[in-house]
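K.L.:
This structure is in structure tokens; I'll ask about it shortly.
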Amino acid sequence: PVDPARYTIPDYASIQQRAAVETTDPLVMVVAGAGAGKTWTITERIRMLTLGCSVVPSSILALSFTNAAADEIRDRNPGIESKTIARMIHEIYTHNFADQELSTMETIQNSLGIYFGPKVETDPVLSEFHRLVGKSIVKETNADIIAMSAFIERYTSEVVTILNTIGQTTLELEIILSYLLIDRLVEPYPSPAYLIIDEVQDNSAFQFVYAMRYAAK
């Protein structure tokens, strides 16, 4: 319950903004056009939680798909966690696979040949992984990402072993593995009690799907 002595929503809030700020529903989606006041609504929602409901600011995580949006929310709401989904995935991944350095697909492909030699041609898993990495180098399309994801889902432990051996990964591989292993990966910080996702229209499909699965977790 909101303590009216500590917080009341400004009178100039629209009916829709008031509903978004004050709702007690566990899951809420807000759709609005540019300039409609989405960031103000998010900020006011956070004020309502922290002031009116005495929620600890650090238990609120705001996720955005752009650095600019994440920085704006952080500047308006000191004390809360605000970051891009890509950054959160990278932090969780590196916490669990500290020996893997961020690299490129081209370097991954070259390293496979250096570390595994002829096995790249004879081992079926290595051979297919090498081929998929090569396709991503030429021109990464949605079809290529889906193919890589399906392959890693089938050979998750083998791919993790390969990447640990060469000590490298890429942002694309991080997000696929983080999605597939989301229930097993240890987070480097406490899980938030409140999750706010901003600027959903700027997302990539994989980041959006990851965010929904993270929310479910």
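The values are calculated or read from the model by the stated rules, or taken from the named source; none is laboratory data. For clarity, every value in this text was computed on a predicted model and none was experimentally measured. Because the Cβ atoms are built from the backbone with ideal geometry, glycine has one as well, and the counts that use them run over all protein chains shown. SASA here: full protein model, heavy atoms, side chains in, ligands and nucleic acids out. Shrake-Rupley method; radii C 1.70, N 1.55, O 1.52, S 1.80 Å.
K.L.:
How many residues, within the stretch 66-108, are among the hydrophobic types (A, V, I, L, M, F, W, C) and not in a helix (DSSP H, G or I)?
P.N.:
Summing the residues that are among the hydrophobic types (A, V, I, L, M, F, W, C) and not in a helix (DSSP H, G or I) in the stretch 66-108 gives 4.
K.L.:
Of the residues that sit in the stretch 109-135 and are of a type in the set (Asp, Glu) and either in a helix (DSSP H, G or I) or in contact (Cβ under 8 Å) with a residue 60 or more places away in the chain (or both), which one is surrounded by the most Cβ atoms within 10 Å (Cβ to Cβ)?
P.N.:
This residue is GLU128.
K.L.:
Look at LEU112 and say whether it is more than 25 Å from the chain's Cα centre (by Cα) and either farther than 21 Å from TYR210 by Cα or at pLDDT 95 or above (or both).
P.N.:
The answer is yes for LEU112.
K.L.:
Looking only at helices (runs of 4 or more DSSP H) that lie completely in the stretch 144-217, which have at least 2 residues being touching a residue at least 40 places away in the same chain (Cβ under 8 Å) and over 30 Å from ILE46 (Cβ atoms)?
P.N.:
156-166, 171-180
K.L.:
If you take the residues of the stretch 62-97 that are among the polar types (S, T, N, Q) and crowded, with 16+ Cβ neighbours inside 10 Å, which of them is nearest to ASP198 (Cα to Cα)?
P.N.:
The residue in question is SER64.
K.L.:
Kindly evaluate GLU153 against the criterion of being at pLDDT 95 or above and open to solvent by 70 Å² or more (accessible area, probe 1.4 Å).
P.N.:
Against the criterion (at pLDDT 95 or above and open to solvent by 70 Å² or more (accessible area, probe 1.4 Å)), GLU153 qualifies.
K.L.:
Further question: Identify the single condition in (1) over 14 Å from the mean Cα position of the chain (by Cα); (2) open to solvent by less than 20 Å² (accessible area, probe 1.4 Å); (3) within 19 Å of SER204 (Cβ to Cβ) that THR104 does not satisfy, given that it satisfies every other one.
P.N.:
Just one mismatch for THR104, condition (2).
K.L.:
For the stretch 123-143, name all the residues that are charged (D, E, K, R) and modelled with pLDDT of 80 or more.
P.N.:
Of everything in the stretch 123-143, those that are charged (D, E, K, R) and modelled with pLDDT of 80 or more turn out to be ASP123, GLU128, ARG131, LYS135.
K.L.:
Here's another thing I want to ask about it. Mind counting the residues in the stretch 2-57 that are surrounded by fewer than 17 Cβ atoms within 10 Å (Cβ to Cβ), in a helix (DSSP H, G or I) and in contact (Cβ under 8 Å) with a residue 60 or more places away in the chain?
P.N.:
Residues that pass the stated criteria total 1.
K.L.:
Just checking, which of LEU185, LEU171, LEU177, LEU181 is open to solvent by 70 Å² or more (accessible area, probe 1.4 Å) and closer than 30 Å to VAL28 by Cα?
P.N.:
Step by step, each of LEU185, LEU171, LEU177, LEU181 is checked, and only LEU171 is open to solvent by 70 Å² or more (accessible area, probe 1.4 Å) and closer than 30 Å to VAL28 by Cα.
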